[in-house]
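These notes concern the structure reproduced below.
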Amino acid sequence: MLIDTHVHLDAAEFDDDRETVIAAARAAGVDGFVVPAVGAENFDAVAALAAARSDTACALGVHPLYVMRARAEDLDVLDQRLGEGLALAVGEIGLDHFVRDVDPARQLDFFAAQLGLARKHGLPVILHVRRAIDPILGQLRRITVPGGIAHAFNGSRQQAEMFIALGFKLGFGGSMTFSGSTRIRALAASLPLEAIVLETDAPDIPPAWGQGQRNTPANLRAYAELLAELRALPVEEIVAATGRNASAALGGWRPR
């Protein structure tokens, strides 16, 4: 299974050709798609995609960059929606200390509350970890959850090992395609293969060959081929391993 563990198929960038984009990804060998929400305003959209397609699953959560427009009541809505059983994870949640105009205290409040909901519902989490890995690890030690995925991982080897010890898989994608991303490539080449999943974050984080263009999930096959090259393994082995890892991280979900 080749699974895109992080793709925003509900995004407005796909409104004109969503089915064509999905068909192109399937033709490129992508078997499944995990679509995380970013706020209560798109819970319905991502849930509808998951309900309509057997190759698509959703996660529900409030993204750290959306907390300034979120309401406290959105956490109650999230609690209710998680109880309905469609979402396979809580996400995309976390902290972002790169963007300066989002209150870090409010981010932390929403993150901690959503970790609590993940624990309550027994769900893994899909983490946004930009420039905030250490405080995120601190919260994960305080509020234990059933693992999940650290999306777009860009930390140190030591931080990677800490996530792995807490039961997390690490997401690698477009950033890995740049020849100058030596640290990310070194981690992709040397971390235990059972700790790695693949993702596109489409329409965001385009690969080196698509700068200035819309990213699409069809690029996932090329990411698998690059990871195979970095690890000197057959691409089929990478596809199989990362698919198993995605399923393990997300409660055993498998696309059909």
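The values are calculated or read from the model by the stated rules, or taken from the named source; none is laboratory data. Since this is a predicted model, take the numbers as computed values, not measurements. Quick note on the areas: whole protein, heavy atoms, side chains included, nothing else; ligands and nucleic acids left out. Shrake-Rupley method; radii C 1.70, N 1.55, O 1.52, S 1.80 Å.
Could you provide, to the nearest whole Å², the per residue accessible area of the chain with probe 1.4 Å?
Heavy-atom SASA per residue in the chain reads 41 Å².
Ordering 237, 229 by how much accessible area each has at a 1.4 Å probe, largest first, what is the list? Could you put the intermediate results ahead of the total?
On the way: 237 85, 229 140 Å².
Correct descending sequence by accessible area is 229, 237.
Each residue of the stretch 203-209 in turn: what ³J(HN,Hα) in whole Hz from Karplus with 6.51, -1.76, 1.60 and θ = phi - 60°, glycine and Pro shown as x?
x, 8, 6, x, x, 4, 7
Defining a contact as two alpha carbons under 8 Å apart and six or more residues distant in sequence, what relative contact order in percent does the stretch 25-83 show? Each step should come with its number before you reach the end.
Working: 62 pairs, mean separation 20.0, N = 59.
It rounds to 34 percent for the stretch 25-83.
Quote the relative contact order of the stretch 1-119 in percent (integer), defining contacts as alpha-carbon pairs under 8 Å separated by 6+ residues.
23 percent
Among the DSSP beta bridges whose two residues both lie in the chain, what percent are antiparallel, rounded to the nearest 5?
0 percent
In deg cm²/dmol, rounded to 500, what helix-only [θ] at 222 nm does the chain give when every DSSP H run of at least 4 residues adds -39500 (n - 2.57) and the total is split over its residues?
It comes out at -12500 deg cm²/dmol, rounded to the nearest 500.
Carbon and sulfur together cover what percent of the accessible area of the stretch 91-177 at a 1.4 Å probe radius?
Roughly 51 percent of what the probe reaches on the stretch 91-177 is carbon or sulfur.
Leaving ligands and nucleic acids out of the surface, order 176, 1 by accessible area at 1.4 Å, largest first.
1, 176
Relative contact order for the chain: what percent, with Cα pairs under 8 Å and sequence separation of 6 or more?
22 percent
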